[in-house]
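Written out below as C-alpha cells is the structure these notes cover.
The values are calculated or read from the model by the stated rules, or taken from the named source; none is laboratory data. In this text the structure is predicted, and so the values were computed from the model without any measurement. Because the Cβ atoms are built from the backbone with ideal geometry, glycine has one as well, and the counts that use them run over all protein chains shown.
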Amino acid sequence: MYRILTRKSLNPSVTMIEVEAPRIAMKARAGQFVILRADARGERIPLTIAGCDRARGAVTVIFQIVGGATLSLDRKQAGEEIADFVGPLGNPTDVAGVKKAIVVGGGVGCAIALPVARRLKELGADVRSVIGFRSRDFVILEEEFRAVSDTLDITTDDGSYGERGNVCAPLKRLLDGETFDAVYLVGPLVMMKYAALTAKPYGVKTVASMNPIMIDGTGMCGCCRIRVGGETKFACVDGPDFDAQLVDFDEAIMRSRTYLAFEAEARERHCNLYKKEVRG
Amino acid sequence: MKTFNDRATKYPMPVQDPLVRSQNFEEVALGYDAETAVLEAKRCLHCKNRPCVKGCPVAVDIPAFLGKIAEGAFEEAYEVISRTSSLPAVCGRVCPQERQCEKECTRGIKGESVAIGRLERFAADHHFAHTQDKPKPPAPNGHRVAVVGSGPAGLACAGDLAKMGYEVTVFEALHTAGGVLVYGIPEFRLPKKIVAREIENLVSLGVRIETNSVVGRLYTVEELQEEGFEAIFLGTGAGLPRFMGIKGENAKGVFSANEYLTRANLMKAYEEDAETPIYRAKRVAVVGGGNVAMDAARTAKRLGADVCIVYRRGREELPARKEEVVHAEEEGITFRFLTNPVEVITDADENVVALRCVEMELGEPDGSGRRRPIPKENSEFELPVDCVIMALGTSPNPLIKQTTAGLETGLHGEIAADGEGRTSLPGVFAGGDAVTGSATVILAMGAGKNAARAIDEYIRGK
Ligand SMILES: Cc1cc2nc3c(=O)[nH]c(=O)nc-3n(C[C@H](O)[C@H](O)[C@H](O)COP(=O)(O)OP(=O)(O)OC[C@H]3O[C@@H](n4cnc5c(N)ncnc54)[C@H](O)[C@@H]3O)c2cc1C
Ligand code: FES
C-alpha cells in the first residue's frame, strides 16, 4: 500500500496528489511515468510523474477525471492509501545538449510538460513555455511554469484567459523569431498533431510525449503500440517520447477511443453509486 | 488380488458440460476421484526402460509416483514428484503431456498411454486438500539472492534457494505474483487459487515478494548487487507480443492475446463490477494455433462471442496442447486451417468489420522441419468479424538488456545463458522464457531449479 500524502484539486476535473514512494522519488527523471491502482479491484492507470520531493519520498501525479478508475482515485483523501504504485516507467525525456527549447503543454498535459521545463531550466537552458487550456477555469500550474520559463504564453480556446485560440499561434511566433534546439509537446493528441505540423517547416527537433492506453507498462501486453515512421513501437518501453514528425497521430487518436463507450458507462455507474451514497 | 489394469484407454477425465462451461470461467476439468486415480495408475506396466522419465523435461520419477498412487499412498506419490518438480498442481494441468511423458509411454503403443498428467494433478490436489501445514523456513545461511520475475522460472528458483537457507527476495513488475500463470493462462484451465497457494508456500519458506518492482527501472541489476544480493536470477519471461505487420492491424478492435488475456485474467475484466474494460465483441477471429490462441479464443467465447481460430498450417501442426484443442472444439469454437490473414478491414470509424484471409497450402519443409505454408493464388476471402486477436508469439523485452551493461544476448535479443543459467556476467543467472523465448511451464521451472543449483555452487565457491 502507498499513502497519499497530500491532495489538491487544481480545477473541477483535475486533481493533484502526492504519493509516498521514496525509491521512485529517488530514481524518477522528467518524462517518466507510474502506473497506479486505487484499490485492489481497480484498473491500472498510467500517469506521468509531475514532480518528486526526494527528501520527503513523495511523488506527485496529476490526473484528469475521465472514467471509473480516475473517479475512484479522486475519492481518496490525504492520509488514505492506494493499492499499487509502480515506476518509474518509460525512458526519461532526452534533454542532453539542449540549450534553447520550447515546451508546449495542453490541458492536463501541462502536468507532464512542467517537469521537462523544470529539468531544462536546471540544466541552464533558455526555456520558452506555451500552455493552452479550454477556458479560464481549466488553467493549471501557471505560477509553476512561470518560475521555470524565460517566457510564458497562455492560450484559452474561448479567450477567457490569455490569448484566444490554441498553442499553435504562439508556437509559430517563437519559431519565426529565433532558432531553437528542440520543441517538446505534451498534451491532447489533437494538439500535439497540429503543434507538430506547425513546427515541421522549421526543421527543429520536435518530441511528442505519448500516453496511449496501457496495462502492464513493462512491455508485455502490446496495447500501448503506436505507429512511428511506419513501424510499430511500444510506448512503455520504446517511449513515451517519440519524434513528433514521425508519429501517426491519426491512428493514435483512433486507438485512444477503444473504450470510450465503456468509460461513459463507468462514469454513469459511479454517479449512480454516488447518488445512492448521498441519499443514504 | 489383480493389481494390473489392462484397460486400453485412459479413464475419462470428468469435465464441466461444454454448453455450461462455455458460459463460465470455472475450471473445465474436474479431476479424478481417488478410486479412478488408483485404477488409472494401475494401468502402468512398470516397464523396465521407463521411457516416460526420459520424456519428462525434468525427469520426474513417474513409475514410482504411479506405483504409490496404485497403492493408495497418495501423499508419498506427491513427495516423489516434489523431489524433481516445484509445481505439480500446475504442471499436471498445463504440461503438453502428449508430447512428453505420455508420448513415450509403453502403454501407448497399443491403445492410450497412462494418464500421467491427470495423475500428477491428482496427487498434488490430494496433497493440498489434506495438508494444512505450511513449509517452515530452514536455518538461514546468511546469503542473499534476488530473483527477478515471479513466473514458473522465478518461483522454482526462489523455492529451491529458500529451502537451502538462502534469503531470497523476488522482484515482480506486476501487482500480483505468478507471471503467465496469473495473467496469461485463464482461470478455467488453471484456477488462480492454485497459483496463490504456491506463492503462499514460498512466503512460508521465508521468501520475500516485492510486487510493483520493475527491475531495470526501480533497481538496475547493478544496484541490486550493490544492495548486497550476491547472485541475481533473471526470469523475466518471453517479452513483447508480435504482430503481423498487415494493414489495419492497429485498428481499435485488434488486440494481442496478451492484452486480451491480461484484461480478463489479471484484471478480472469479465466480472460485473470490474473497473478494467474488455472489448465485448460479437464475432472474433483469433490468429495462431498455440496455447495462447486457444486461451484467447475460449475466453472470448465465455464473453459471449462466436469465435473462429485462423491458423496458417494444418490441424496436425497445431502447437497447442491436444486437450485444449479438443475442449475448444467442444465449446463450439471453429477452426480455419491453412488460412492466413492479409488485412484487417475497417469501416469509416476504424471499427473492425472483417478479416481478409488467404488460403495456404503446404510446401517444402522449413527450418523447423514442418512444411512451410505458402499462399494459394486467387484464394482471398473475408471473414466477417468485429474483433481480431493476434496470438503469434513474442520477441524479447529489451529493458534488462538496455539497463545492464555487459549482459550478453542472443540473436533475437533473448538473454544468453548456459544450461545452468549462467550469463555473461558473474553472479547473474537467467532462465525460462527470457532465455528460450516462449516455451513451456515445465521448461521454465526446470531452468529455475538448475539455476538455483548453480547459484548455490557459485556462492559457496566465492
Ligand atoms: C496464454 C498462455 C498460455 C500458455 N499455456 C501454456 C500451457 O498450457 N502449458 C505450458 O507448458 N506453457 C504454457 N504457456 C507458456 C508458459 O506459461 C511460459 O513458458 C512460462 O510461464 C514461462 O515462465 P517464466 O517464468 O520464464 O516467465 P513468465 O511466466 O512470463 O514470468 C515472468 C515474470 O517476470 C515479470 N517481469 C518481467 N520483466 C520484469 C522486470 N523487468 N522486473 C520485474 N519483473 C519482471 C513479469 O511480470 C512476469 O510476472 C502459456 C503462455 C501463455 C502466454
Ligand atoms: S503497456 Fe503493455 S506493452 Fe506497453
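This table checks each residue for (1) under 20 Å from A:I112 (Cα atoms); (2) within 13 Å of another protein chain (Cβ to nearest Cβ); (3) surrounded by 21 or more Cβ atoms within 10 Å (Cβ to Cβ).
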| site | (1), (2), (3) |
| --- | --- |
| A:I4 | yes, no, no |
| A:V34 | yes, yes, yes |
| A:D53 | yes, no, no |
| A:V61 | yes, no, yes |
| A:A78 | no, no, no |
Filtered residue count, segment B:239-259, keeping only those that are within 12 Å of ligand 2 (Cβ to nearest atom) and part of a helix (DSSP H, G or I): 2
Scan of segment B:337-366 for residues that are more than 31 Å from the chain's Cα centre (by Cα) and of a type in the set (V, I, T), ordered by number: B:I345, B:T346, B:V353
Hits in segment B:36-55 - residues which are surrounded by fewer than 24 Cβ atoms within 10 Å (Cβ to Cβ) and either touching a helix residue (DSSP H, G or I) at 6+ places or on another chain (Cβ under 7 Å) or acidic (D, E) (or both): B:V38, B:K42, B:L45, B:H46, B:C47, B:R50, B:P51, B:V53, B:K54, B:G55
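For every residue, the table says whether it meets (1) away from chain A (no Cβ under 14 Å); (2) within 25 Å of B:Q100 (Cα to Cα); (3) outside any helix (DSSP H, G or I); (4) more than 16 Å from ligand 2 (Cβ to nearest atom).
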position: B:E377; (1), (2), (3), (4): yes, no, yes, yes
position: B:V385; (1), (2), (3), (4): yes, no, yes, yes
position: B:V388; (1), (2), (3), (4): no, no, yes, yes
position: B:M445; (1), (2), (3), (4): yes, yes, no, yes
Selection status of B:T440, assigned by TED's automatic domain parsing to the domain that holds B:V170, closer than 28 Å to B:Q100 by Cβ and either in contact with a Leu (Cβ under 7 Å, 6 or more places away or on another chain) or of a type in the set (V, I, T) (or both): yes
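Yes/no matrix, rows are residues, columns are (1) within 14 Å of ligand 1 (Cβ to nearest atom); (2) within 14 Å of another protein chain (Cβ to nearest Cβ):
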residue	(1), (2)
B:S395	yes, yes
B:H412	no, no
B:R422	no, no
B:L425	no, no
B:F429	yes, no
B:A434	yes, yes
Residue match in segment B:222-233 (condition: small (G, A, S) and either surrounded by fewer than 22 Cβ atoms within 10 Å (Cβ to Cβ) or within 8 Å of chain A (Cβ to nearest Cβ) (or both)): yes
Filter result (within 14 Å of another protein chain (Cβ to nearest Cβ) and over 24 Å from B:Q402 (Cβ atoms)) within segment B:193-220: B:A196, B:I209
Residue among B:V195, B:V207, B:V182, B:V254 that alone is in contact with a strand residue (DSSP E or B) (Cβ under 7 Å, 6 or more places away or on another chain) and under 30 Å from B:K136 (Cα atoms): B:V207
Residue list for segment A:205-237, restricted to those being within 12 Å of chain B (Cβ to nearest Cβ), more than 6 Å from ligand 2 (Cβ to nearest atom), over 15 Å from A:S256 (Cβ atoms) and touching a residue at least 24 places away in the same chain (Cβ under 8 Å): A:T218, A:V237
Leading residue by the ranking (farthest from A:T206 (Cα to Cα)) among those in segment A:94-128 that are in the same structural domain as A:T179 (by TED's automatic domain parsing) and acidic (D, E): A:E122
Restricting segment A:8-25 to residues that are surrounded by fewer than 17 Cβ atoms within 10 Å (Cβ to Cβ) and at pLDDT 95 or above, the residue that is nearest to A:L89 (Cα to Cα): A:R23
Qualifying position, being away from ligand 1 (no atom under 16 Å from the Cβ), among the aliphatic types (A, V, I, L, M) and surrounded by fewer than 23 Cβ atoms within 10 Å (Cβ to Cβ), among A:M214, A:M254, A:M210: A:M254
Filter result for B:I415 (within 16 Å of ligand 2 (Cβ to nearest atom), in contact (Cβ under 8 Å) with a residue 60 or more places away in the chain and under 22 Å from B:P152 (Cβ atoms)): no
Of the criteria (1) among the basic types (K, R); (2) within 10 Å of ligand 1 (Cβ to nearest atom); (3) within 18 Å of the chain's Cα centre (by Cα), which one B:K192 fails: (2)
Among the residues listed as B:A153, B:A139, the single one being away from ligand 2 (no atom under 16 Å from the Cβ), more than 14 Å from every other protein chain (Cβ to nearest Cβ), in contact (Cβ under 8 Å) with a residue 60 or more places away in the chain and among the small types (G, A, S): B:A153
Candidate set from segment B:246-268 (those that are at the interface with chain A (Cβ under 9 Å from one of its Cβ atoms) and over 18 Å from the mean Cα position of the chain (by Cα)); member that is farthest from A:G230 (Cα to Cα): B:K268
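Would a scan of segment A:137-155 turn up a residue that is part of a helix (DSSP H, G or I), in contact (Cβ under 8 Å) with a residue 12 or more places away in the chain and surrounded by fewer than 15 Cβ atoms within 10 Å (Cβ to Cβ)?
To start, the set of residues in segment A:137-155 that are part of a helix (DSSP H, G or I) comprises A:137-138, A:142-148.
Narrowing the set further to residues that are in contact (Cβ under 8 Å) with a residue 12 or more places away in the chain leaves A:137-138, A:142, A:144-145, A:148.
Going one step further and asking which of them are surrounded by fewer than 15 Cβ atoms within 10 Å (Cβ to Cβ), we end up with A:137.
Yes, segment A:137-155 contains a residue that is part of a helix (DSSP H, G or I), in contact (Cβ under 8 Å) with a residue 12 or more places away in the chain and surrounded by fewer than 15 Cβ atoms within 10 Å (Cβ to Cβ).
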Matching residues, segment B:279-307, being free of Cβ contacts under 8 Å to residues at least 40 places away in the same chain and surrounded by fewer than 23 Cβ atoms within 10 Å (Cβ to Cβ): B:R280, B:L303, B:G304, B:D306
Check on B:A264, within 16 Å of ligand 2 (Cβ to nearest atom), of a type in the set (A, V, I, L, M), touching a residue at least 12 places away in the same chain (Cβ under 8 Å) and out of contact with any strand residue (DSSP E or B) (no Cβ under 9 Å at 6 or more places or on another chain): yes
Of the criteria (1) assigned to a loop (DSSP other than H, G, I, E, B); (2) farther than 18 Å from A:C236 by Cβ; (3) more than 11 Å from chain B (Cβ to nearest Cβ), which one A:A40 fails: (3)
